[in-house]
Amino acid sequence: MQTKEYIENICMHIKSKPVRNEIAKELENHIQEQKECYIEEGIENNVAEEMAIKQMGDATEIGKKLNKIHRPQLDWKLLIILVITLAFGLLVTITRAESLAIDNTATGIMTKYIFSLSIAVMLGIAIYFIDYRKIQKHSLSIYIFSTAIIIYTLLFGARKNGMPFLRFGNFYCSASSIAIPLYLIAFVGFIQNINKEKNIKINFLDYKEICINVDFIKIIFYSLISVIMLISIPAVASAFIVVTAYLIITIIKILKDSTNKKKKILNLILIPTYVIFSILILLSVNGPYRSQRIVTSFNPELDPEGSGWHGVQQNLIINSAQLIGEAGNMSNAIETFDEGTNYAFISLLAHYGWIISMSMVIAIMLLNIKIIINATKIKDLYGKLLITAIASMFILKSVCNILMNLNLGIKADFNIPFISYGIANLIIDIMCLSLVLSIYRRKNINLSNGMNRVVNET
């Protein structure tokens, strides 16, 4: 039996085509290596090939074992939690439609939601079947594309309430909602592609020479540019999320790669210092009104007719909310909360009570926890960091949004993933989760280890 025929007999039992192609290459290399060993012992070429194939074992048995080991897996638990979370998003949309039911407004709101959900599902399915490892080589292109979106929005974007937005017909989309996940995906690629050998030596204070990694300098530069771009929109909340996620990704990368304890400690000191510096830049750029807004976020009664007005109305709802049913004091601002994209929690609390609103919180918490658990199961560092980046984005948005709704956090543009009303947000959130599912789908595909185990068992 020739090598090609033997490999075909094995691969016919492997259902996944991408895996089948990679296993075929791995099998060919494995047989070739063993064949060369026999040839070195003086055995003829044809006989050596037959012996190498025979040593591999029965093709049918190997094929079935490899199919079982490398079978793609769908994370049903995460998918079920997603459906439950989306149900709360649908409830928020229905509530919004009923509260703003003027002429055809309600129908339009529901139509937009169904349309965006349909688009999101189709794009999500496409992403699910993509080999995420191919994204890494396009990191710079993704970064440039994300930056170009922000620049285009600043120069040519439509203005809504004085803010620049991307506009597609009657749909408005914040550039930051697209930029955040793209910047994080690009950052993961950059940090994973660091070449440890690309160092330059610099004389420090004329007596000590230090080495600086060129790729690391590039990453710092790209990171600062991305933060500046987000500030320019302006999207301070988005910049905060990106900077914090950068920090989390970098720490995990260092802890995985570094073996020197002193080096770990040094990096863990330098990175937070860089982040604190970035946050100070964010605060200084946004002017003196920022301090007043921060104070009234926690104590709205200090300016009940100004920056604290929303907070006062929230307190009226929170203090009169029932376990089930409408709050005792719906307040004059309930329509504002129903209309806004960032007040899903307070809207549900006002209309349906604590049990429904807290169930929503539990659903989003379970979703984030499941994503983190998935990250721990991924052996490939690039896949692990991608999931970590997405989880960081979801968790930061969720926590900041809920705290903001309870007057326990700063009022900013934090939406709660999968629940806050917004076409672009829903599509992007589902696409990001589809990437998580795509990575999890390939978690058992470790060709070398699987191949060695099957061969040894056979």
- Just wondering, is there one or more residues in segment 108-128 that are modelled with pLDDT under 80, out of contact with any Ser or Thr (no Cβ under 6 Å at 6 or more places or on another chain) and among the small types (Gly, Ala, Ser)? yes
- Note on the structure: Scanning segment 177-190 for residues that are closer than 10 Å to residue 136 by Cα and of a type in the set (Val, Ile, Thr), the one most open to solvent (accessible area, probe 1.4 Å) turns out to be 185
- Message: For segment 209-223, check the following and say yes or no: at least one residue is buried (at least 16 other Cβ atoms within 10 Å of the Cβ), of a type outside the set (Val, Ile, Thr) and at pLDDT 85 or above.
- Response: yes
- Query: Of the residues 395, 362, which is modelled with pLDDT of 90 or more, more than 16 Å from the chain's Cα centre (by Cα), surrounded by fewer than 23 Cβ atoms within 10 Å (Cβ to Cβ) and part of a helix (DSSP H, G or I)?
  - Reply: 362
- Message: Tally up the residues in segment 380-392 that are among the aliphatic types (A, V, I, L, M), open to solvent by less than 10 Å² (accessible area, probe 1.4 Å) and farther than 26 Å from residue 358 by Cβ, please.
- Response: 4
- Only one of (1) closer than 27 Å to residue 97 by Cα; (2) open to solvent by 10 Å² or more (accessible area, probe 1.4 Å); (3) over 12 Å from the mean Cα position of the chain (by Cα) is not met by residue 431, so which one is it? (3)
- Scan segment 294-323 for residues that are outside any helix (DSSP H, G or I) and exposed (fewer than 15 other Cβ atoms within 10 Å of the Cβ) and report the count. 6
- By residue number, the members of segment 233-249 that are in a helix (DSSP H, G or I) and either modelled with pLDDT under 85 or not hydroxyl-bearing (Ser, Thr, Tyr) (or both) are 236, 237, 239, 240, 241, 242, 243, 245, 247, 248, 249
- residue 102 fails exactly one of (1) modelled with pLDDT of 75 or more; (2) open to solvent by 80 Å² or more (accessible area, probe 1.4 Å), namely (1)
- Is one or more of the residues making up segment 371-379 over 30 Å from residue 131 (Cβ atoms) and crowded, with 22+ Cβ neighbours inside 10 Å? no
- Any idea which residue in segment 128-147 is nearest to residue 440 (Cα to Cα), counting only those that are among the small types (Gly, Ala, Ser) and surrounded by 13 or more Cβ atoms within 10 Å (Cβ to Cβ)? 139
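The values are calculated or read from the model by the stated rules, or taken from the named source; none is laboratory data. Keep in mind that this is a model prediction, so the values were computed, not measured. With ideal geometry, Cβ positions are generated from the backbone for all residues, glycine too; neighbour counts draw on all protein chains shown. Accessible surface is based on the protein model in full, side chains and every heavy atom, while ligands, DNA and RNA are left aside. Shrake-Rupley method; radii C 1.70, N 1.55, O 1.52, S 1.80 Å.
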